[in-house]
Each structure stands twice: as structure tokens, then as C-alpha cells.
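Engineer: This is the structure I have questions about; it appears just below.
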Amino acid sequence: MLAGFSEALIQGESNYIRFENFCLALCSRVENRPFLPTSRSWDLGRDGRGVGPSVGSHPAVVCATLDDKIDEKTQRDLNRVSSTSTPDRLIYCCSQRLSEHGADQIERSVRGIVRGCKSV
């Protein structure tokens, strides 16, 4: 019951700042390290970033979207991030329900577009 309720809340979210903050809090909790928000303008494609040592420009970069045209939005986000960053990892969060096939497509896109990204 709680999972269904949480899913409905996430899919019904309409405030992108609140969604980005939720994603950063979740990443911080799951990864047991701080994830910080970036500026609301001129974020260079990064909605958040992990803190800590890294090989690339950042240990982790978070992209978050409420956009329902996930394929188009993913490509725009990844192209922007790849032009500004070389993160060790990229975490892509969306409010849309994804199939395993859809999630795998996003992972392939990340690995193909964002240079130096070792894991997703």
C-alpha cells in the first residue's frame, strides 16, 4: 500500500524544485554521502552533485526531470552534461514509470554520451 501511495505522489509531482530536492535527499540517504543542489539557473545540466573524491569533474551528478517526454529530455540533459562535466557516475531520476527496457535505454545513452562515466 505504501509503495503505491509513494508512486502516485512521485508521478503526480508538478514542482520541479521540490522533485529535485526529493531526488537529492534520496541519493544522499541511499549513498550515505551528501548530494548538493546546484544553482537554479546556469546549472550546466547538473541538478545536483555528489560530494567527495573523484576521478572526473564530480563523483556523481544527478539529473532529475518531471518531463513526460523522457526520451527527448534524456538526450537534451545528457548532451548538456557531457558538454560541461565528466562525472564518475550519473544518476538520472524521472517521475515517469519506466520499464526495464526504458531504464536500460537511458543507461546506454548515458554510457554513450557522457564521457568518462563509469557507472549509472
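Engineer: What is the gain in length, in nm to one decimal, between residue 11 and residue 101 on full extension, counting 0.36 nm per residue of separation less the C-alpha to C-alpha distance?
Structural biologist: Values: separation 90, 0.36 × 90 = 32.40 nm, distance 1.90 nm.
Residue separation times 0.36 nm, minus the Cα-Cα distance, leaves 30.5 nm.
Engineer: Counting helices only, and only those DSSP H runs with n ≥ 4, report the 222 nm mean residue ellipticity of the chain as the sum of -39,500 (n - 2.57) divided by its residues, in deg cm²/dmol to the nearest 500.
Structural biologist: Values: 4 runs with 56 residues, N = 120.
It comes out at -15000 deg cm²/dmol, rounded to the nearest 500.
Engineer: Which value, to two decimals, describes the C-alpha radius of gyration of the chain once divided by 2.2 N^0.38 Å? Please report the intermediate quantities before stating the final value.
Structural biologist: Details: Rg = 13.8 Å, N = 120, 2.2 N^0.38 = 13.6 Å.
With N residues counted in the chain, Rg over 2.2 N^0.38 Å equals 1.01.
Engineer: Net charge around residue 101, counting only other residues with Cβ within less than 13 Å of its Cβ (Lys, Arg = +1; Asp, Glu = -1)?
Structural biologist: Working: positive: 97, 108; negative: 71, 100, 104, 107.
Taking every Cβ under 13 Å from that of residue 101, the sum is -2.
Engineer: Relative contact order of the chain, please, whole-number percent, based on alpha carbon pairs below 8 angstrom and at least 6 residues apart.
Structural biologist: Working: 185 pairs, mean separation 26.0, N = 120.
Averaging sequence separation for qualifying contacts and normalising by length gives 22 percent for the chain.
Engineer: Exactly which trypsin sites (Lys or Arg not before Pro) in the stretch 1-69 are in a DSSP loop and have at most 16 other Cβ atoms within 10 Å? It would help to have the intermediate numbers written out before the result.
Structural biologist: Working: sites: 18, 29, 40, 46, 49, 69; in loops: 40, 46, 69.
Counting only loop positions with at most 16 other Cβ atoms within 10 Å, the trypsin sites (Lys or Arg not before Pro) in the stretch 1-69 are 40, 69.
Engineer: Moving on. Can you give the % of DSSP beta bridges in the chain that are antiparallel, to the nearest 5?
Structural biologist: Values: 5 of 12 bridges.
Of those bridges, close to 40 percent are antiparallel.
Engineer: Now for a separate question. Relative to the Cα centre, what is the charge dipole magnitude of the chain, using +1 at the beta carbon of each Lys and Arg, -1 at the beta carbon of each Asp and Glu, and rounding to the nearest 20 debye?
Structural biologist: Numbers: 16 positive and 15 negative charges, 86 e Å.
Dipole about the Cα centre, nearest 20: 420 debye.
Engineer: In the chain, which Cys residues have no partner Cys with a Cβ closer than 4.7 Å?
Structural biologist: By the Cβ distance rule, which asks for a partner under 4.7 Å, the isolated cysteines are 27, 63, 94, 117.
Engineer: What order, most packed first, do the peptides 86-96, 52-62 have when packing is the mean number of other Cβ atoms within 10 Å of each residue? Mind dumping the intermediate values first?
Structural biologist: Details: 86-96: 21.1, 52-62: 17.5.
The most tightly packed comes first, giving 86-96, 52-62.
Engineer: State the answer as a single residue: which of 38, 16, 3 lies farthest towards the positive end of the charge dipole of the stretch 1-82, with beta carbon charges of +1 for Lys and Arg and -1 for Asp and Glu, about the Cα centre.
Structural biologist: Towards the positive end, the residue furthest out is 38.
Read-outs: derived from the displayed coordinates by stated rules, not from any lab. Predicted, not measured: the structure shown is a model, and the values here were computed from it. Cβ sites come from the backbone with ideal geometry, for glycine too, and all protein chains shown count toward neighbours.
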